[in-house]
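The values are calculated or read from the model by the stated rules, or taken from the named source; none is laboratory data. What you are looking at is a predicted structure, and each value in this text was computed from that prediction instead of being measured. Counting neighbours? That spans all protein chains shown, and the Cβs are built from the backbone with ideal geometry, glycine included.
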Amino acid sequence: MDEPFLLGLTGSIGMGKSTVSHMFMEEGIPVFDADQVVHRLYSEGGDAVPLIGKHFPEAVVDGAVDRQQLGKYVVGNQVALKELEDIVHPLVSRERQKWLLQMQEEGGHSVLLLDIPLLFETAAEDMVDGVAVVSAPSEMQQARVLARPGMTEERLKSILARQMPNEEKCQRANFVINTGVSLEETKEHVRALLKGLRGRKGTAYNVHFAN
């Protein structure tokens, strides 16, 4: 039996990656959502809580990681950010491995989606068979992000400084999904992409994850 095609999905903040990820789910594609995994790791009882509490004590409130407090440590502090990444990335990798093994046990999946916000920044493209980048015009991106509660232009600039420029992501991607159009047009793009991928054999799963 052929291994599933591992598709990495990424995109800068405000580009609509979560919306596109949900579209893949609606098409029956299993999705590993790295953001959701981090949320669980930060929640009460999550494996990241004691480790983060050791390095950033005030970031743990009522037994869970308070992202706002954590941000006071790491925003603009590359050393602290590296410490945090050294804690979180291995935990996310472990959860990804468990998920992929679960998918292997289920069987019957021709395509699996790895939704990874910092895919290129963490060199995770080596773990997938192809990368799809979600993209939209910069003015649309900025309007979407600044509409979020508590978001400021300064904070947005700080987030974007950590992310690879959208133009570079699009150049490095195998596929670009446009969210600067109607939702239905974006859905059609997702369906067309899946139609092409379902007939392709993946190799990344066997190389990096299969036991």
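Within the span defined as region 174-194, every residue fails to be under 14 Å from G14 (Cα atoms) and of a type in the set (D, E, K, R). Can you confirm whether region 194-202 contains a residue that is among the aliphatic types (A, V, I, L, M), surrounded by fewer than 15 Cβ atoms within 10 Å (Cβ to Cβ) and at pLDDT 90 or above? No, there is no match, as no residue in region 194-202 is among the aliphatic types (A, V, I, L, M), surrounded by fewer than 15 Cβ atoms within 10 Å (Cβ to Cβ) and at pLDDT 90 or above. Going by the conditions given, is M140 assigned by TED's automatic domain parsing to the domain that holds K195 and closer than 29 Å to T186 by Cα? Against the criterion (assigned by TED's automatic domain parsing to the domain that holds K195 and closer than 29 Å to T186 by Cα), M140 qualifies. When L84, L91 are checked against the criterion of being touching an Asp or Glu at 6+ places or on another chain (Cβ under 6 Å) and at pLDDT 90 or above, L91 stands alone in meeting it. Between a first residue in region 142-159 that is within 21 Å of T179 (Cβ to Cβ) and a second residue that is of a type in the set (G, A, S), which pairs have beta carbons less than 6 Å apart while being 6 or more apart in sequence or on different chains? Pairs found: R144/G14; V145/G14.
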